[in-house]
Amino acid sequence: MLKKFCTALATAFVLTACITSPTGRSQLILLPDSQVDQMGLQAFETLKRDKPISTNARYNQVANCIAGNITQSTGGRWEVVVFEDDSFNAFALPGNKIGVYTGLFNLVANQDQLAAVIGHEIGHVLAKHSAERASQELAVNSGMSILQAMTNPQSQMGQAAFGMLGLGAEYGVLMPYGRTQESEADIIGVDLMARAGFDPRQSINLWQRMDQATQGQQTAEFMSTHPSHATRIRDLEQHMPQAMGLFQQAQATGRRPQCQ
């Protein structure tokens, strides 16, 4: 199946594009933004169809407030949906879509920690990680077939498409972002939250809480594509002086979100 995807990719996209991510990393992107956005939109509509949506007014207000403050600097209109799910999870998709699971509200201690999660997920979108994964692993079969497959996420092609967007666990296929992409999203996300006026130091507290909440459940780093919690904390600590500079600038210009 993957060979067929790759053959379709080579046929449909002869021209390759080398771009630079927001952190300065070189990326090979074969797919146009419009196509990846369409995949994100289709995935989001499928999730809204398949997963229960929360009607908790406070959860929805907080999630929209935080996302609204963060995305002021990214441009575009972003749709935010809170899903009824006990997992400590959130996601953002190409096409400006954000999903937050109710379980996160039981984990985070304040608005800044939730901002760290949402900023991280938006970081994946801004760094075009879905397009990068698609270019490396999968293909779009001349455009529409994989979009149509996403309406049936239980199918092999549908699972592959959802996995590429970072949503594979929803439909039984494990295809997480790689360590490099996760670490990059951490840095982009902490800068985004700082520019919006959220305290970036709370990103470290978030991962400490995540470590405690998932004690014994995380695979050792050398066996996992995700950085360990300890590695993430160390990298965030190293980057914190820059993030704090952005936070202080935001505070000085009156950016003090009140999303509690």
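The values are calculated or read from the model by the stated rules, or taken from the named source; none is laboratory data. As the structure is a prediction and not an experimental result, all values here were calculated from the model. Using ideal geometry, Cβ is built from the backbone for each residue, glycine included, and neighbour counts are taken over all protein chains shown. The protein model used for the area step is the full one, side chains on, heavy atoms only, and it has no ligands, DNA or RNA in it. Shrake-Rupley method; radii C 1.70, N 1.55, O 1.52, S 1.80 Å.
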- Task: Inspect the stretch 189-210 for any residue being polar (S, T, N, Q), farther than 19 Å from Gly123 by Cβ, modelled with pLDDT of 60 or more and assigned to a loop (DSSP other than H, G, I, E, B) and give the result as yes or no.
- Result: no
- Item | First in the stretch 237-249 and within 16 Å of Ile70 (Cα to Cα), second anywhere and hydroxyl-bearing (Ser, Thr, Tyr) and surrounded by 12 or more Cβ atoms within 10 Å (Cβ to Cβ), Cβ under 9 Å, 6 or more apart | Ala243/Ser203
- For the stretch 47-70, enumerate the residues that are polar (S, T, N, Q), within 17 Å of the chain's Cα centre (by Cα) and within 14 Å of Gly99 (Cα to Cα). Asn64
- Residues (open to solvent by 10 Å² or more (accessible area, probe 1.4 Å) and farther than 17 Å from Ala131 by Cα) located in the stretch 89-101: Asn89
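So, restricting to helices (runs of 4 or more DSSP H) that lie completely within the stretch 95-161, which ones have at least 3 residues that are touching a strand residue (DSSP E or B) at 6+ places or on another chain (Cβ under 9 Å) and modelled with pLDDT of 85 or more?
Details: elements: 111-126, 129-137, 144-149.
The qualifying helices (runs of 4 or more DSSP H) are 111-126.
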- Note on the structure: Of the residues in the stretch 1-37, those that are at pLDDT below 80, part of a loop (DSSP other than H, G, I, E, B) and open to solvent by less than 70 Å² (accessible area, probe 1.4 Å) come to Phe13, Leu30, Leu31
- Subset of the stretch 71-84 [assigned to a loop (DSSP other than H, G, I, E, B) and either among the polar types (S, T, N, Q) or more than 17 Å from the chain's Cα centre (by Cα) (or both)]: Gln72, Ser73, Thr74, Glu84
- Restricting attention to the stretch 93-132, report how many residues are within 19 Å of Ser54 (Cα to Cα) and of a type in the set (Lys, Arg). 1
- Message: Quick check on the stretch 176-188: of everything there that is part of a helix (DSSP H, G or I) and of a type outside the set (S, T, N, Q), which residue is most open to solvent (accessible area, probe 1.4 Å)?
- Response: Arg179
- Item | Within the stretch 232-257, tally of residues that are open to solvent by 100 Å² or more (accessible area, probe 1.4 Å) and modelled with pLDDT under 95 | 1
